[in-house]
Amino acid sequence: MKKIEKEYILKYEFEPSDAANAQTILEKNGVKVDDWYVYTTNDVYQKLFKTNLQNKNKLPWKRKVVKVTSKENGFTVYRIWRGVYRFIRTKDILYVDKEAKYLLSEKDEPVIIILKPSNKFCYYWNHFAPEIRVPFKISLISLLIGIISLIISIVSFVPRDIVCEGEETKTVIETEEVFSINIRENIPEEEQIDN
């Protein structure tokens, strides 16, 4: 699996390439780092996913997931990849949300980050928001329990005659008839008349 191991400065606020007009640029474009995403350049996308960026990735359900791991402390976060805006400074900077920044590194110095491609299952299973993570896990567990109970109910409806084939079935019936004849023979005649 392809991975990128590089030293990045982690930021949770965008830094415009034009430092003199930074505030004006951010206010005009109304951009901020969103909790769901990791922002990198397009070449990182091409290296990770071995494909060119296409317009379909603007759709939220088509975007790829990136596993972001800090080599310093070993913590991992899963975020959806998103490209950086053209007016944002990108050299050796990785933009993540505030919680991810402090989880991966508490320092403002560069830290070695490992980027790996991941999938939506890992993203939702390890989601940072409990209101998304917990229902996802509960629904998968209940689905598993439902499948197991369905298998048990189907197995319980299988007729016993199908399990006992041919001669064995006849033997069981013959044994029952012989047993009932033997019981009648052992009952005294007086009790047989009463019954």
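Just to be sure I understand the model, the point goes 7 Å from the Cα along the line to the Cβ. What's the resulting residue 151 to residue 13 distance in nm?
5.5 nm
Using heavy-atom solvent-accessible surface (probe 1.4 Å) with all chains present, what is the largest-first order of 13, 72, 106?
106, 13, 72
Which of the pairs 47/71; 3/62; 47/98; 3/101 have their Cα atoms more than 24 Å apart in this structure?
47/98
Please give the per residue accessible area of segment 55-125, computed with a probe of 1.4 Å over protein heavy atoms only, in Å².
57 Å²
Just by accessible area at a 1.4 angstrom probe, what is the order of 14, 157, 136, 121 from largest to smallest?
157, 121, 136, 14
Please compute the net charge surrounding residue 112, taking Lys and Arg as +1 and Asp and Glu as -1 over other residues with Cβ under 13 Å from its Cβ.
Once all neighbours under 13 Å are counted, the net charge is -1.
How many percent of the accessible area of segment 71-159 is carbon or sulfur, using a 1.4 Å probe?
That share works out to 66 percent.
Please compute the length gained on full extension between residue 102 and residue 34, using 0.36 nm multiplied by the number of residues separating them and subtracting their Cα-Cα distance.
23.0 nm
The values are calculated or read from the model by the stated rules, or taken from the named source; none is laboratory data. Owing to the predicted nature of the structure, the values given are computational and were not obtained by experimental measurement. Cβ coordinates were reconstructed from backbone atoms using ideal geometry, including for glycine residues, and neighbour counts include every protein chain displayed. Heads up: the accessible areas ignore ligands, DNA and RNA and are worked out on the full protein's heavy atoms, side chains in. Shrake-Rupley method; radii C 1.70, N 1.55, O 1.52, S 1.80 Å.
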